[in-house]
Number of protein chains: 2
Amino acid sequence: MKLGFIGLGIMGAPMAGHLLAGGHEVFAFSRSGVPAGVVAQGAYACASPAEVAQKADIIFSMVPDTSHVADVLFGDKGIAQGLSAGKTVVDMSSISPIATKQFAAKINAFGCDYLDAPVSGGEVGAKAASLTIMVGGSQVTFNRVQPLFALMGKNITLIGDNGSGQTCKVANQIIVALNIEAVGEALLFAAKAGADPAKVRQALMGGLATSRILELHGERMIKRTFTPGFRIELHQKDLNLALEGAKAMGISLPNTANTQQLMSSCMAHGGAGWDHSGLVRALEIAANFQISQTPAA
Amino acid sequence: MKLGFIGLGIMGAPMAGHLLAGGHEVFAFSRSGVPAGVVAQGAYACASPAEVAQKADIIFSMVPDTSHVADVLFGDKGIAQGLSAGKTVVDMSSISPIATKQFAAKINAFGCDYLDAPVSGGEVGAKAASLTIMVGGSQVTFNRVQPLFALMGKNITLIGDNGSGQTCKVANQIIVALNIEAVGEALLFAAKAGADPAKVRQALMGGLATSRILELHGERMIKRTFTPGFRIELHQKDLNLALEGAKAMGISLPNTANTQQLMSSCMAHGGAGWDHSGLVRALEIAANFQISQTPAA
């Protein structure tokens, strides 16, 4: 098929590579230029999102934030300027569910279909084609794009109408952040009380406190490996989407709000680029106590 | 061996039963009388904790709260009045780590050993002899009691000195409560935004948001099955231990504090006896929105 891919960063480049490896033509655009590796795999470098939309039938985007998606879709030489009826736009960025509904309606007005399809699994999942993909849109459009999603990911779920994919991603980011914070509070409590946090983590694995976060991020907190992984500043962006949405919908997310504030504290201490397991540092700084020694270099 | 067991409630009765089934003599006391089933299994009903301590070499206790342990140990006709040097006291209740250190020192002064060995796994784990047991005390004493723990549980860990078992249990209860609250916030956000919470939960299983709580308690929130399980009033007691400890140690546990307050809101709405997954009700009540319909009776 003739596919488009806009945004070829850490995530987008390997994802586009999987589409190429699947035997598809890929028309590509990236603000900072299409990476040589992707061109070497056979991608055709376009001059603008509009050119991508003219040449491809299904156009994927994978960019950092809501404003970037708005720009790629409706900015100067954006996708909208190259669209014709019958094409499909698939935004795989993690952005606002509310804005997504508006974007979908505007794309639908061109006689085109829209899917929101954010992912989790990070750079590792993008490279391994093992991403979790959470999709919002119609069943018919989902069915048409599903074989392409299957080239990039494994656990692929149609959640509901447009916006539902982004909503599901925000729900994911709420749980991940709050589970990290929970492990941080528990290990801080234990360590300050004199217990070995590594033994506490080990004892809790397998019981009701078991989580992927206790396993992975608990270990990072104990071993003090705060190299990303997933950066705190990006996770804070996702919690901001949760809190903006909560405000708009009239619901209260008290622990999400607290945790977003703790991320601000991390950033005040130079932690914008720490892995999100570094959230424990905000608790440690407040307590003037560190749960575990920094390992010798 | 000659064992003692004090506190034969929902947890204690099956635990004492496993010790009897393991071929040990069990001298038993329970404030409300030794259950007929435990006597039928061969337990000898004693008139007081003091009598249990006179007749047994290793005395287990499994009672609701710190004040009950203090009473069983040092109250009128308590364990201390029947102790002689060389005996071992093993408290399997979930109580204050700080009080536990004091209790252990007072028992040690009789020439006796002390272990704190709280459990997780609930009534199901107690009956199936699959409890997780988190132990504080000396290695020598742990080694002596370990074969008896193995009759009652599976994942048995010596965490550190006296108090460390209770500290680990508090850490467990922090993570469990905060993970429940996280799933509640995420499903509330998703449902209010119009996504099906059951599909969201399904999409998140297997990814970074995976936890035993998302699996079990997430399902209970969606299916509205708030029959305990583990009662909110008991979990709130455990979070109070966390917050008292945090205050004493000079550390801040912001999400534990928030979550304890949400449990108070549940109790204000008649939820003391709800399963702890009912914590989502506090978020729902604040939002005047329910994530899922109550199933037809």
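The values are calculated or read from the model by the stated rules, or taken from the named source; none is laboratory data. All values derive from a computational prediction rather than experimental measurement. In this analysis, Cβ positions are derived from the backbone assuming ideal geometry, glycine residues included, and neighbour counts consider all displayed protein chains. Keep in mind that these areas ignore ligands, DNA and RNA; they rest on the heavy atoms of the full protein, side chains included. Shrake-Rupley method; radii C 1.70, N 1.55, O 1.52, S 1.80 Å.
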Fill in the blank from the handout: For segment B:132-221, the Cα gyration tensor yields equivalent-ellipsoid semi-axes (√(5λ), largest first, whole Å) of 38, 13, 9
Handout entry: Centroid-to-centroid separation of segment B:148-215 and segment B:1-35 [C-alpha atoms, Å]
Key = 30
Handout entry: Spatially proximal lysines relative to B:LYS55 (Cα-Cα < 21 Å; intrachain offsets below 8 disregarded)
Key = B:LYS2, B:LYS77, B:LYS87, B:LYS106
Exercise for the section: Let me know the charge dipole size of the protein assembly as shown about its Cα centre in debye, to the nearest 20, where only the beta-carbon of Lys, Arg (+1) and Asp, Glu (-1) is charged. Expected result: 400
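Within segment B:238-282, what whole-number % of the accessible surface is contributed by carbon and sulfur, with the 1.4 Å probe and all protein chains included in the calculation?
On the way: 790 of 1530 Å².
Here it works out to 52 percent.
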Handout entry: Shortest-first distances to equivalent copies, position A:GLY122, nm, label 7 Å out along Cβ
Key = 3.2
Problem - Cβ nearest the rotation axis (A onto B), residue from chain A and distance to the nearest whole Å - result: A:SER211, 2
Handout entry: Along each principal axis, Cα extent of segment B:239-297, largest first, Å
Key = 48, 21, 16
Practice task
Would you work out which of B:SER277, B:GLN236, B:PHE189 lies farthest towards the positive end of the dipole of segment B:189-297, given +1 charges on the beta-carbon of Lys and Arg and -1 on that of Asp and Glu, about the Cα centre?
Solution key: B:PHE189
Problem - For segment A:1-125, size of Cβ-based charge dipole, Lys and Arg +1, Asp and Glu -1, in debye - result: 160
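Only Cα pairs under 8 Å and at least 6 apart count here; give the relative contact order of chain B as a rounded whole percent. Walk me through the numbers before you get to the answer.
Values: 549 pairs, mean separation 38.7, N = 297.
Reported relative contact order: 13 percent.
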Problem - FRET efficiency, 1/(1 + (r/R0)^6) with R0 45 Å, evaluated for A:ALA40 and B:ALA286 via beta carbons - result: 0.25
Fill in the blank from the handout: Interface residues of segment A:126-147, defined as losing at least 30 Å² of accessible area versus the chain alone with a 1.4 Å probe, are none
Exercise for the section: Would you mind telling me the share, in percent, of accessible area of segment A:49-208 contributed by carbon and sulfur at probe 1.4 angstrom? Expected result: 53
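What total accessible area, in Å², is buried where chains A and B meet, using a 1.4 Å probe and rounding to the nearest 100?
Details: alone 13390 and 13410 Å², together 21630 Å².
That pair hides around 5200 Å² of surface in total.
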Exercise for the section: Keeping all protein chains in place, calculate the accessible area per residue for the protein assembly as shown (probe 1.4 angstrom), answer in Å². Expected result: 36
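What are the equivalent ellipsoid semi-axes of the protein assembly as shown, built from the alpha-carbon gyration tensor (square roots of five times its eigenvalues), in whole angstrom, biggest first? Please report the intermediate quantities before stating the final value.
On the way: eigenvalues 585, 106, 78 Å².
The equivalent ellipsoid of the protein assembly as shown has semi-axes of 54, 23, 20 Å.
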Handout entry: Cα→Cβ-extended label distance, 7 Å offset, between B:ASP65 and A:ALA257, nm
Key = 3.0
Handout entry: Selection from B:PRO97, B:ASN143, B:CYS112, by position along the positive dipole direction of segment B:18-167 (Cβ)
Key = B:ASN143
Exercise for the section: Can you tell me the dipole magnitude for chain B around its Cα centre, using point charges on the Cβ only (Lys, Arg +1; Asp, Glu -1), in Debye to the nearest 20? Expected result: 300
Handout entry: Position B:GLY206, label points 7 Å along Cα→Cβ, spacing to each other copy in nm (shortest first, one decimal)
Key = 2.7
Completion exercise
Bounding extents of segment B:25-156 in its principal axis frame from Cα atoms, largest first in Å, are 35, 33, 25
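So which trypsin sites (Lys or Arg not before Pro) in segment A:1-73 pass both tests, a DSSP loop state and at most 14 other Cβ atoms within 10 Å of the Cβ?
A:ARG31
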Fill in the blank from the handout: Long-range amide H partners of B:LEU115, meaning residues 5 or more apart or on another chain whose placed amide H is closer than 5 Å, are B:VAL89, B:VAL90, B:ASP91
Practice task
Specify the inter-centroid distance of segment B:229-297 and segment B:70-146, based on alpha-carbon positions, in whole Å.
Solution key: 28
Problem - In order through segment B:217-224: 3J(HN,Hα) via Karplus (6.51 cos²θ - 1.76 cosθ + 1.60), integer Hz, x for Gly, Pro - result: 6, x, 5, 4, 5, 6, 8, 6
Exercise for the section: Would you mind checking the radius of gyration and Dmax of segment A:157-279 based on alpha-carbon positions, in Å? Expected result: 15.4, 50
Problem - Karplus 3J(HN,Hα) series, Hz, for segment A:132-140 with 6.51 cos²θ - 1.76 cosθ + 1.60 (x for Gly, Pro) - result: 7, 10, 10, 10, x, x, 7, 4, 5
Exercise for the section: Using the 7 Å Cα-to-Cβ label point, sort the distances from A:ASP71 to its equivalents in the other copies shortest first and give them in nm to one decimal. Expected result: 6.8
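Over 23 Å, how big is the tail of the calculated P(r) for chain A, in percent of all Cα pairs? All intermediate terms of the calculation are to be shown ahead of the outcome.
Values: 25167 of 43956 pairs.
Of the Cα pairs, 57 percent sit more than 23 Å apart.
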Completion exercise
Which of B:PRO64, B:PRO14, B:PRO254 fluctuates most in a GNM of chain B (C-alpha springs under 10 Å)? That residue is B:PRO254
